[in-house]
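The block underneath contains the structure these notes are about, expressed in structure tokens.
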Amino acid sequence: MKSSFFLFFVFLLPLIRAQVPHWGPCPEPAVQPAFNLKQFMGRWFEIAKLPAQFEKGRCIETNFTLTTDSSIRVVSSEILKGEVRKIEGTGVIEDMKNPAKLGISYSYVLPYSPYWILSTDYVNSALVYSCTDVLRLFHVDFAWILSRTRTLPDTTIEKAREVFATNNIDVSRMIASRQQGCDKTF
Ligand SMILES: *[C@@H]1O[C@H](CO)[C@@H](O)[C@H](O)[C@H]1NC(C)=O
């Protein structure tokens, strides 16, 4: 018993914490049925994300605005070192038969990255997933729990994690995003 604890801390924990890509192709999660892009527009706050990112920005939020029936303007902002930083991108529904599968790009020179709405009620929370295959050998993925307000009840977060997990998305390393001290002016 004692020695297995020792093994866990010395050998396994560093592996679990490392940013390792997952083997195999991307999972194919179910997405929000009859997704309504218009209802999804507006302001969403980032409550939790996968994986932990290098930059330590906080108060991350995104404002989506409809530009046509199937394309959107995306403005994300965060507070980093006491300054508000914004980045702007565009999003599209790439296939009208699959409206919950958006593509978002933050630069004209970059292709659209998947931005799939797995589930949302439009007024409280949304679960978003992005996954890219690398040679069908492994995949790198991102996941977000978004909210219309800066906090969500723990039960909602727990449920969200279960939805990811039942879709074969490993959210064990998902971390909470900081949404405290955001409303003062800079
Ligand atoms: C979101 O974007 C729209 C259109 O640019 C703007 O009118 C609105 O004020 C923005 N909302 C927030 C919270 O930034």
For residue 138, distant residues with modelled amide H under 5 Å away: 24
Whole-Hz ³J(HN,Hα) from phi, Karplus 6.51 cos²θ - 1.76 cosθ + 1.60, for region 81-95, glycine and proline x: 6, x, 10, 7, 10, 10, 10, 10, x, 10, x, 9, 7, 7, 9
Using alpha-carbon coordinates, inclination of helix 154-166 to the longest axis of the chain, degrees: 80 degrees
Cα gyration tensor shape for region 74-116, rounded if a/c is under 1.5, else prolate or oblate: prolate
Normalised contact order of the chain, rounded percent, pairs of Cα under 8 Å and 6 or more residues apart: 27 percent
Rounded if a/c under 1.5, otherwise prolate or oblate - region 24-176, Cα gyration tensor axes: rounded
Test item: Cα-centred dipole of the chain, Lys/Arg +1 and Asp/Glu -1 on Cβ, debye: 500 debye
Helix-only [θ]222 nm of the chain, DSSP H runs n ≥ 4, -39500 (n - 2.57) each, per residue, nearest 500: -4000 deg cm²/dmol
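Computed from the coordinates by the stated procedures, all read-outs in this text should not be read as laboratory data. Small disclaimer: the values here were computed from a predicted structure and weren't measured. All Cβ positions, even for glycine, are placed from backbone atoms using ideal geometry, and neighbour counts span all protein chains on display.
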